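S.K.: The structure under discussion is supplied below as structure tokens; questions concerning it will follow.
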């Protein structure tokens, strides 16, 4: 039997979990939340999450694609580790911020919001993180290079193209001193001069 996922229910559960903590809210940013935050942040810290890694392996049918031509967005997938940024939002701003964040990140209730421990230079924090199950129908699994190039060439959603999203994320990660080798490799596939562009 398939479980029906409800964005409003997931939002309420996350809000209740945060209220039980009784403090400011920490959010782990690993993709566009690094460079397109859209809400007030009281503090930013470099952060690392263990047990999950960043991957361009989630179908996007709203933000970076359409149902007819899905695009891709990043997700936290189990295994490995991920460097990003921990964002602190003041408690009094959370009731307004969290629904807005949900509209952006959960137009379809695909992600699994989880509170993950983040290591930062100032000490550990528990941060809200948008993860994706490998069992989700929206998990792409491993895509071949030709499929990535096709998506980069054609997929566009309400926030723009998959390629722009991936390139901007790479640029901002580099500015933070983070090199995501796999994301860099995938983005380079869009370059017609890429050695693998004509590979069979």
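Throughout, read-outs are computed from the coordinates displayed, never taken from laboratory work. Quantities reported herein were computed from a predicted structural model and do not represent experimental measurements. Positions of Cβ are generated from backbone atoms using ideal geometry, with glycine treated the same way; all protein chains shown enter the neighbour counts.
S.K.: Once you sort the root eigenvalues of the Cα gyration tensor of region 1-61 as a ≥ b ≥ c, which label holds: rounded (a/c under 1.5), prolate (a/b larger than b/c) or oblate (the other case)? Mind showing how you got there, number by number?
M.R.: On the way: a/c = 1.74, a/b = 1.13, b/c = 1.54.
Since a/c reaches 1.5 but b/c is at least a/b, the shape of region 1-61 is classed as oblate.
S.K.: Taking R0 as 30 Å, what's the FRET efficiency between residue 181 and residue 103 from their Cβ-Cβ distance, rounded to 0.05?
M.R.: Numbers: r = 33 Å, r/R0 = 1.09.
After rounding to 0.05, the efficiency reads 0.40.
S.K.: Is the shape of region 69-121 rounded, prolate or oblate, going by the alpha carbon gyration tensor and its root eigenvalues a ≥ b ≥ c, with a/c under 1.5 for rounded and a/b larger than b/c for prolate?
M.R.: Numbers: a/c = 2.26, a/b = 1.05, b/c = 2.15.
Judged from the Cα gyration tensor, region 69-121 comes out oblate (a/c at least 1.5, b/c at or above a/b).
S.K.: Within a 10 angstrom radius of the beta carbon, how do 6, 82, 170 rank from fewest other beta carbons to most? Spell out each step's value before the answer.
M.R.: On the way: 6 11, 82 23, 170 18.
By the 10 Å Cβ count, ascending, the order reads 6, 170, 82.
S.K.: Write down the percent of antiparallel bridges among all DSSP beta bridges whose residues are both part of the chain, to the nearest 5. Could you put the intermediate results ahead of the total?
M.R.: On the way: 32 of 34 bridges.
Close to 95 percent.
S.K.: What is the Rg over Rh value, at two decimals, for the chain, using alpha-carbon atoms and the Kirkwood definition of Rh? Walk me through the numbers before you get to the answer.
M.R.: Numbers: Rg = 16.9 Å, Rh = 17.5 Å.
Reported Rg/Rh, Kirkwood definition of Rh: 0.97.
S.K.: Residues in region 41-61, backbone N under 15 Å from the label point at residue 122 (7 Å along the Cα-to-beta-carbon vector): list them, ranges by number please.
M.R.: The answer is 41-48, whose backbone nitrogens lie closer than 15 Å to the label point.
S.K.: Mind giving me the nanometre distance, one decimal, between the label points for residue 150 and residue 42, set 7 Å out from Cα along Cα→Cβ?
M.R.: Placing both labels 7 Å along Cα→Cβ, they lie 4.8 nm apart.
S.K.: In addition: Which value at 222 nm does the chain reach when only helices count, each DSSP H run of 4 or more adding -39,500 (n - 2.57), with the total divided by all residues and rounded to the nearest 500 deg cm²/dmol? It would help to have the intermediate numbers written out before the result.
M.R.: Details: 6 runs with 63 residues, N = 200.
Per the formula, -9500 deg cm²/dmol.
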